[in-house]
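The values are calculated or read from the model by the stated rules, or taken from the named source; none is laboratory data. Note that the structure is predicted; figures quoted are calculated from it, not measured. So basically every Cβ, Gly included, is an ideal-geometry build from the backbone, and we count neighbours across all protein chains shown. The accessibility values were calculated without ligands, DNA or RNA, using every heavy atom of the protein model including side chains. Shrake-Rupley method; radii C 1.70, N 1.55, O 1.52, S 1.80 Å.
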Amino acid sequence: PYHDQIFRETGNAGLLASDYSNKASDFLRQKQYALAVATYLKAACLDPGDPGTVYNLRLTLGRWVKACNANHDTQGAA
């Protein structure tokens, strides 16, 4: 919804959500996919209007499934 704006205003919940998003990015870099997904979900609950969080959550889920498939972990991928 904010694709035509350079910035968007946020409140205290949005600031806290950005901290969660940053921590989730750290978990993703460490390939701790379960923690990254849980942390992105926390960020999304605090600031549901942030399109970046939704994008990163979808990206993380995709990488987690690929990692499970590469390790022949079909149950984890499901």
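Could you report the chain's accessible area per residue, 1.4 Å probe, as an integer in Å²? Walk me through the numbers before you get to the answer.
Details: 5650 Å² over 78 residues.
Each residue of the chain exposes 72 Å² on average to a 1.4 Å probe.
Limiting things to C-alpha atoms, what are the Rg and the maximum Cα-Cα separation (Dmax) for the chain, in angstroms?
When restricted to the Cα atoms of the chain, Rg and Dmax are 13.9, 44 Å.
Quantify, in whole percent, the carbon and sulfur part of the accessible surface of the chain (1.4 Å probe; protein heavy atoms only).
Details: 3160 of 5650 Å².
After summing per-atom areas, the C and S share lands at 56 percent.
Can you tell me, using C-alpha contacts under 8 Å and at least 6 residues apart, the relative contact order of the chain as a whole percent?
About 25 percent, as a whole number.
State, to one decimal in nm, how far the label point of LEU15 lies from the label point of ALA78, with both points 7 Å from Cα in the Cβ direction.
Output for this residue pair reads 4.5 nm.
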